[in-house]
1. Condition test on residue 57, is it more than 28 Å from residue 242 (Cβ to Cβ) and modelled with pLDDT under 80?
2. Considering only helices (runs of 4 or more DSSP H) fully contained in the stretch 1-74, which possess at least 2 residues that are β-branched (Val, Ile, Thr)?
3. For the stretch 65-94, name all the residues that are among the charged types (D, E, K, R) and surrounded by 18 or more Cβ atoms within 10 Å (Cβ to Cβ).
4. In the stretch 272-293, what count of residues is obtained for those that are assigned to a loop (DSSP other than H, G, I, E, B), farther than 30 Å from residue 330 by Cα and charged (D, E, K, R)?
5. If only one of 309, 296 is in a loop (DSSP other than H, G, I, E, B), free of Cβ contacts under 8 Å to residues at least 60 places away in the same chain and among the basic types (Lys, Arg), which one is it?
6. Report yes if residue 149 is assigned to a strand (DSSP E or B), more than 16 Å from residue 127 (Cβ to Cβ) and hydroxyl-bearing (Ser, Thr, Tyr), otherwise no.
7. Could you list all residues from the stretch 304-328 that are in contact with a Gly (Cβ under 9 Å, 6 or more places away or on another chain) and at pLDDT below 90?
8. When residues of the stretch 151-184 are filtered for being buried (at least 21 other Cβ atoms within 10 Å of the Cβ) and without any contact (Cβ under 8 Å) to a residue 60 or more places away in the chain, how many remain?
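The values are calculated or read from the model by the stated rules, or taken from the named source; none is laboratory data. All of these numbers come straight from a predicted model, not from anything done at the bench. Neighbour counts run over all protein chains shown; Cβ positions are idealised from the backbone, glycine included.
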Amino acid sequence: MEFARLAQAPGANISELCRRFGVCRSNGYKWLRRFKAEGRSGLEERSRRPHRSPERTPSELEGRVLAVRAEHPAWGGRKIRKVLERTGLTPPAGSTITEILRRAGVLEGPRAGLPREWTRFEHPRPNDLWQMDFKGHFALAEGRCHPLTVLDDHSRYALEIGACGDERTETVQARLTAAFRRYGLPWRILADNGPPWGTAGSIQRHTRLTVWLMDVGVEVTHGRPLHPQTQGKDERFHRTLKAELLDRRSFPTLDQAQVAFDAWREIYNAHRPHEALAMSVPSDRYVISTRPMPERISPPEYEPHVQIRTVSSPGCISFKGRQIDCPKAFVGRRVVLRPTQTDGVFDLCYRTHLLASIDLRQNVNQTVLDVPERASSISPV
């Protein structure tokens, strides 16, 4: 206003005024034109948005973007772009779609749409490793649902989302049996240290469930205690399940929850683009295992001239005058002690699965406190 007022004075030198006010002459003359035409309001800050935007996303395409978002409220710009491409459209970049969502006010969270840094790793083939865990249980109209999830590490294919009424061994074994019959056996399963596949807080790592998995030919490993990131893919899958289904639905019964789980599993496996898979879907990368589920479990067969022992109750074996305490889950089962390259040190094994290393150079009876978890001879990974 002061600049405009001084510029109106008779004989005012506009160029000198611009220099003294620190503005370029083009801006000075622009302000004067606006002031003469509109008065004080002409000096208000104006939008820099162009009058024409020939490259702007058509409103019809923006509507398609928002329609996909409304159907899948947890999907972001890159996933929506891939879905629109599959319908034959030519959508804008994922970042543009994110801006469309932002303008529409449908992005959620303080960092929604912002880039993130990730470090990813995966096994090279399907069925090299499955990850297994329970998602946090939630209330039904009657009772509670304990979702059991099983995920293939390589493809992120969801092999099982089970609406379970509990977390018992029998429940998990029945679900895994059905999965093994449909998809075949993985070489290895990764689980945490809680029941029914671990005994957190106990010196006995193995359970009846992990012994059964060994019987059918599956290696079992456990994540580091208090490090859920060891099972990062399954933990991330739980977050997706929560955002896209559990936070938006309620279920009166386990059966109705299972129907919803099955429907969403189809969307996740075959329709939802996965950023870790270069926007492919898990079903593009998953193939079933060539190892069928055995319908009958045979007793273990060991090579000749090895030391075989039967684990007695409450869980121990005798070997070379020593008593060795073993996990109680192996009571009644035959284990073998195989000599190693170190004199006096033996590998304690069940079938082809290594349980522990026994050092007879120590002049005391031993307890199997920790099970070294490394791949056995049956596993390619």
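1. Numbers: more than 28 Å from residue 242 (Cβ to Cβ): yes; modelled with pLDDT under 80: yes.
So residue 57 passes the test.
2. Values: elements: 2-7, 14-21, 25-38, 59-71.
Result: 59-71.
3. Just the residues of the stretch 65-94 that are among the charged types (D, E, K, R), to begin with: 69, 71, 78-79, 81-82, 85-86.
Matches in the stretch 65-94: 69, 79, 81, 82.
4. First, the residues of the stretch 272-293 that are assigned to a loop (DSSP other than H, G, I, E, B): 272-273, 278-279, 281, 285-293.
Then keep just the ones that are farther than 30 Å from residue 330 by Cα; that gives 272-273, 278-279, 281, 285-288.
Add one more test, that the residue is charged (D, E, K, R), and what stays is 272, 285.
The total comes to 2.
5. Details: 309 fails: in a loop (DSSP other than H, G, I, E, B).
Among 309, 296, only 296 is in a loop (DSSP other than H, G, I, E, B), free of Cβ contacts under 8 Å to residues at least 60 places away in the same chain and among the basic types (Lys, Arg).
6. Working: assigned to a strand (DSSP E or B): yes; more than 16 Å from residue 127 (Cβ to Cβ): yes; hydroxyl-bearing (Ser, Thr, Tyr): yes.
Here the answer is yes, as residue 149 does meet what is asked.
7. The first filter runs over the stretch 304-328 and keeps only residues in contact with a Gly (Cβ under 9 Å, 6 or more places away or on another chain), leaving 310-313, 325-328.
The answer is 313, 325, 326, 327, 328.
8. 3
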